[in-house]
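Following: one structure in structure tokens, then a few remarks.
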Amino acid sequence: MRQVVQDRQDARTRIAEWRGKGLTSCLVPTMGGIHAGHLALMERARAVADRAVVSIYVNPTQFAANEDFDSYPRCLEADMASIGQRADMVYAPVDLYHPSHATQVNPAGAALGLESEFRPHFFTGVATVVLKLLNQLPTDSAIFGQKDYQQLTVIRQLVRDLDLPVEILDHPTVREADGLALSSRNIHMAAEHRAIAPQLQAILRRTAQQLLAGTRPKTALVDGRDLLRRSGFTGIDYLQLCNPMTLQPTEAVTAEARLLGAVHLGAVRLIDNIALGDVK
Ligand code: AMP
């Protein structure tokens, strides 16, 4: 098992040493609660670069006061055991922020709408911490999951807009056998909610099929939301068809168009998405 690096300067030095030897590196940022989705990202990092770096940090600035920061899984030892030899360095700082931290990155564009309507603080927290991580860990590339599709799009936009010298890669969503997207939060789901949860992916697929069969987007989305409600989800934040680059709502039914959904099951909030072209 790897040793945990807590100090940003130690981490930076190690990446610089690799670079000095002509070795490339790829970063996998996580908040811990490591599951097979994270492990797939690490394996991809190892495939594209000589060295894989994993960061584990539950970022307080992306949680609102009423959200699950306190109950978010924190299990560094178990995480290290799961990661095993898949990473060459695990960076798990105690705190990333200076006590007088006073600078924020406020993304617009792809950050507007969807998640931001329900979690207005979220992308400012994400963009700020990702910029800090990319500065602290100057790897050649960094990899993010399609599971958090709006986040992935906002990070691509951040890197483009601020000219960050890193290549952003993405990886398809890793799912349970029944279709539920893996998430660190799934462990908090009650059994009766866990039984309902796969319906989110099933209804995204069904809605995509309807769209591809020619149903008008407005009608297909109303049907989809109705079906989510009837399946037992306790709240529906959104079900939206979006342009895959801008994340603006669209009526254009193309293979790349993205259907994104966010729902609640009791205290757990689930998000998922699908490209229309991914549906057979
Ligand atoms: P998190 O620890 O949930 O903040 O996620 C860290 C990274 O893992 C992000 O890039 C996520 O998009 C990605 N990720 C989380 N769950 C999955 C999954 N089920 N499949 C693929 N990537 C994932």
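The values are calculated or read from the model by the stated rules, or taken from the named source; none is laboratory data. All values reported here derive from a predicted model rather than from experimental measurement. Please note: Cβ atoms are built from the backbone with ideal geometry, for glycine as well, and neighbour counts cover all protein chains shown. The area values use the complete protein model at the heavy-atom level, side chains included, leaving out ligands, DNA and RNA. Shrake-Rupley method; radii C 1.70, N 1.55, O 1.52, S 1.80 Å.
Table for the structure above
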{"read-out": "Residue match in region 173-192 (condition: open to solvent by 30 Å² or more (accessible area, probe 1.4 Å), of a type in the set (A, V, I, L, M), within 29 Å of Val253 (Cβ to Cβ) and in contact (Cβ under 8 Å) with a residue 12 or more places away in the chain)", "value": "yes"}
{"read-out": "Filtered residue count, region 82-118, keeping only those that are more than 25 Å from Gln6 (Cα to Cα) and buried (at least 18 other Cβ atoms within 10 Å of the Cβ)", "value": "6"}
{"read-out": "Residue match in region 57-74 (condition: in contact with a helix residue (DSSP H, G or I) (Cβ under 9 Å, 6 or more places away or on another chain), away from the ligand (no atom under 15 Å from the Cβ) and open to solvent by less than 50 Å² (accessible area, probe 1.4 Å))", "value": "yes"}
{"read-out": "Single residue of Ala40, Ala52, Ala65, Ala11 found to be within 24 Å of Val126 (Cβ to Cβ), in a loop (DSSP other than H, G, I, E, B) and either within 19 Å of the chain's Cα centre (by Cα) or small (Gly, Ala, Ser) (or both)", "value": "Ala65"}
{"read-out": "Single unsatisfied condition, Thr128 versus (1) under 23 Å from Gly37 (Cβ atoms); (2) within 15 Å of the ligand (Cβ to nearest atom); (3) in contact (Cβ under 8 Å) with a residue 60 or more places away in the chain", "value": "(1)"}
{"read-out": "The lone exception for Asp79 - which of (1) surrounded by 20 or more Cβ atoms within 10 Å (Cβ to Cβ); (2) part of a loop (DSSP other than H, G, I, E, B) it fails", "value": "(2)"}
{"read-out": "Yes/no for Leu221 being closer than 15 Å to Thr173 by Cα and either surrounded by 16 or more Cβ atoms within 10 Å (Cβ to Cβ) or under 21 Å from the mean Cα position of the chain (by Cα) (or both)", "value": "no"}
{"read-out": "Which listed residue, of Val222, Val279, Val253, Val174, is out of contact with any His (no Cβ under 7 Å at 6 or more places or on another chain) and at pLDDT below 95", "value": "Val279"}
{"read-out": "Enumeration of residues in region 33-48 that are of a type in the set (A, V, I, L, M) and surrounded by fewer than 18 Cβ atoms within 10 Å (Cβ to Cβ)", "value": "Ala36, Ala47, Val48"}
{"read-out": "Any chance Val263 is open to solvent by 40 Å² or more (accessible area, probe 1.4 Å) and at pLDDT 95 or above", "value": "no"}
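Rundown of residues vs (1) within 16 Å of the ligand (Cβ to nearest atom); (2) among the β-branched types (Val, Ile, Thr), yes/no style:
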{"site": "Val174", "(1), (2)": "yes, yes"}
{"site": "Leu180", "(1), (2)": "yes, no"}
{"site": "Ser183", "(1), (2)": "yes, no"}
{"site": "Thr219", "(1), (2)": "no, yes"}
{"site": "Asp223", "(1), (2)": "no, no"}
{"site": "Leu228", "(1), (2)": "no, no"}
{"site": "Asn243", "(1), (2)": "no, no"}
{"site": "Thr250", "(1), (2)": "no, yes"}
